[in-house]
Amino acid sequence: MKSIDLKDIGLTEENIQEASMYDENLHIARVSVQHKDIYKVITEDGECFAEISGKMHYDAEYASDYPAVGDWVLVDRTSDEHGHAIIHHILKRKSCFERKMAGTAKDYQVVASNIDTVFICMSLNKDFNLRRLERYLSIAWDSMATPVVVLTKADLCDDVQGRVLKAQSVAIGVDILVTSGIAEDGYLDVKRYISKGKTIAFIGSSGVGKSTLINRLMGEEILVTMGLRDDDKGRHATTFRQLLMLPEGGVVIDTPGMRELQLAAADLDRTFSDIEELAQDCRFKDCRHEEEPGCAVREAIEHGELDAKRLESFKKLQKELKYQELDSKQRENEKIMDMFGGKGAMKKARDFVKHKNKR
């Protein structure tokens, strides 16, 4: 069997140096598939099944403490010929795209790790949604990877340039690519970002064409693709995250569609840099961009220089991030404070809570 040069799929000198601090009998591997209790990892001898050690399972407090697709890990063997490999350690993640897990206060799910470029895929038909794009961009910038917006299914859109301009208005400083699944060269712009040692991840809603693009990059139909539904939206094809080695070097991570993407962390300053820049000229440093006099952000909206919906989205994501760090009682108090924002807010909030508790 031909051995795999792990540097071709992203292994760095930093990974090697960190690995040397552990048991010398352990081997470096990269997680390629993650199921509930079983993994696949790529070692220098190929891909094999693996499971976590009892100690790792015992020590894990959150979902993010478990291996995720893209992680570099240390295993006890490079083949599963005599049983599953055992994962003993996760090496430090250089980047991490994560989302909050539904129904939990502070736990989050690592969607993909150690990625260089995040391709945020959004189709140009009915899936096109600027508010969702802002959410994805906020998480992508926070992940420490570089986001690129990939607008798919150009053949289904009557005003491609108009929608590109709209995307540019919220994806500030981000490359925007336009692709079509039916065009033979629809993936060539994407290919420019791929090289040996680089990792790219495809993120986006179900049915936007991620699998179609990846199949083109792979040069064969590796992933199942589905046609459009009656409502012009794509069907869900990918059901689990997986890392694939590309023929010309580098790797791609495919992820299931995510229509709901709750924030675990986000870089709003970078995503909404236009609002942050305008806010520097507000009269008050703590301006809420509502009724305050001398608000440069509100003035920009009045003059047609900023979309009011963008400010609304900014505030919504700010509030969502703030609530993530609070327990249920603290969240309730914050909501009450938000209801009585402005001068005298604290006294009004206290009076409201006092009245509420008397009932």
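Scanning the range 299-314 for residues that are surrounded by 15 or more Cβ atoms within 10 Å (Cβ to Cβ), in contact (Cβ under 8 Å) with a residue 12 or more places away in the chain and not polar (S, T, N, Q) gives 300, 306, 307, 310, 311, 314.
Note on the range 31-73: among residues that are among the aromatic types (Phe, Trp, Tyr) and out of contact with any helix residue (DSSP H, G or I) (no Cβ under 7 Å at 6 or more places or on another chain), the one that is least open to solvent (accessible area, probe 1.4 Å) is 39. Residues in the range 23-37 that are among the basic types (Lys, Arg) and in contact with a Gly (Cβ under 8 Å, 6 or more places away or on another chain): 1 in all. Residue count for the range 126-145 satisfying the condition of being open to solvent by less than 10 Å² (accessible area, probe 1.4 Å) and polar (S, T, N, Q): 2. Screening residue 239 against (1) modelled with pLDDT under 75; (2) surrounded by 15 or more Cβ atoms within 10 Å (Cβ to Cβ); (3) of a type in the set (Ser, Thr, Tyr); (4) out of contact with any strand residue (DSSP E or B) (no Cβ under 9 Å at 6 or more places or on another chain) leaves a single unmet condition, (2). Taken over the range 115-138, residues that are outside any strand (DSSP E or B), hydrophobic (A, V, I, L, M, F, W, C) and touching a Ser or Thr at 6+ places or on another chain (Cβ under 9 Å) amount to 4.
The values are calculated or read from the model by the stated rules, or taken from the named source; none is laboratory data. Fair warning: this is a prediction, and the values are worked out from it, not measured in the lab. FYI the Cβ positions are ideal-geometry reconstructions off the backbone, even for glycines, and counts take in every protein chain you see. SASA here: full protein model, heavy atoms, side chains in, ligands and nucleic acids out. Shrake-Rupley method; radii C 1.70, N 1.55, O 1.52, S 1.80 Å.
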